[in-house]
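Remarks on the structure that follows.
The values are calculated or read from the model by the stated rules, or taken from the named source; none is laboratory data. This structure is a prediction, so every number in the text was calculated from the model and none was measured. Reconstructed Cβ throughout: ideal geometry from the backbone, glycine too, with neighbour counts over all protein chains shown. What goes into the accessible areas is simple: the full protein's heavy atoms, side chains included, and nothing from ligands, DNA or RNA. Shrake-Rupley method; radii C 1.70, N 1.55, O 1.52, S 1.80 Å.
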Amino acid sequence: MMKGENASSEGYFILLGFSHWPHLEVVLFVFILMFYLMTLIGNLFIIVLSYLDAHLHTPMYFFLSNLSFLDLCYTTSSIPQLLVNLWGPEKTISYAGCMTQLYFALALGTTECVLLVVMSYDRYAAVCRPLHYTVLMNPRFCHLLAVASWVSGFTNSALHSSFTFWVPLCGHRQVDHFFCEVPALLRLSCVDTRANELTLLITSSIFVFIPLILILSSYVTIARTVLRLQSSTRLQRLFGTCGAHLMVVSLFFIPILCIYLQPPSGSSQEQGKFIALFYTVVTPSLNPLIYTLRNKDVRGALRRLVGQERPAHS
């Protein structure tokens, strides 16, 4: 197949975004900018603190730093463009920019699905195999798991992006979304896209449902182990670390499942924009708060960093 001549030769797409609600665009601009700044500050804080404090050089904070870096990249792949489109009358994005955005948004979203599975395995090993934890989660294996997460995400995105790039895009160039995504671009095609949709369905099942099943299985096993513990202090600590991860998993997967399971219609498309806005803008800004709020390790690391922790003998 050849690329759609109208899209590539004209050199741009029009992102309709929230143009159906022009009175909301200024409010959305302020809302999104606020959460984007929170995302930048919060995730950079976790990355810098985890790097500078030796007490946080553990598998949990290594994976958390990866998640923070991923969230930074994910939001930056779409939010700046969205802010530009909300601020002014121009709502265009170049053809190259659209395809780049499509590739990275899909790659980073898939990577997060896999990385959340890895983080749940880390919690499983810490709770259910505490005596073997340092052997199971040795630095080399942790780096291997992180690399596997990123490679799987970018490989999956290369598959979808290449299929989408070569579908002829006919008619108008209006993408009914606030960023370039596969389903929205396939709707611009003038040929049968059932093969693309089937590929998307299969890989979505692999990278959404299977990770979710693995995460839930890990936490069922963790719950059984925790319920057998007698120490209330240890129980509280375990629920603190595992509860934070479960909350992040819920904030990430529930919106995706809402979009994935709803029937295609005009109203669901509009609802899907707001659901996508939630997991693209709100969730990455909440992750740092969830992991650092009431976290003694982080508070201790921050005190050490600013020199407020007193020596033990004083």
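FRET efficiency for the pair Trp87 and His143, taken as 1/(1 + (r/R0)^6) with r the Cβ-Cβ distance and R0 = 45 Å, rounds to 0.65.
What is the distance in Å between the Cα centroid of the range 271-291 and that of the range 175-223? Measuring centre to centre over Cα atoms gives 18 Å.
Maximal additional length on extending the Trp166-Phe69 stretch stands at 31.8 nm, based on 0.36 nm per residue less the C-alpha distance.
In the full protein context, the chain carries 51 Å² of accessible surface per residue, based on a 1.4 Å probe and ignoring ligands, DNA and RNA. Treating r as the C-beta distance of Thr155 and Arg187 and R0 as 25 Å, the FRET efficiency rounds to 0.50.
At a 1.4 Å probe, what is the % contribution of carbon and sulfur to the accessible area of the chain? C and S atoms contribute 69 percent here. Isolated cysteines in the chain, defined as those with no second cysteine Cβ under 4.7 Å, comprise Cys73, Cys113, Cys128, Cys142, Cys242, Cys258.
Between Lys296 and Val226, what is the FRET efficiency for a Förster distance of 22 Å, r being their Cβ-Cβ separation, to the nearest 0.05?
0.75
Helical content of the chain, expressed as a calculated mean residue ellipticity at 222 nm, amounts to -23500 deg cm²/dmol (DSSP H runs of 4 or more residues, -39,500 (n - 2.57) each, divided by residue number, nearest 500). For the pair the range 36-54 / the range 78-105, the C-alpha centres are spaced 26 Å from each other.
Extension gain, Arg129 to Ala96: 0.36 nm times the residue separation minus the Cα-Cα distance gives 7.1 nm. Extension gain for Ile213-Leu52 works out to 54.5 nm (0.36 nm per residue, less the C-alpha to C-alpha distance).
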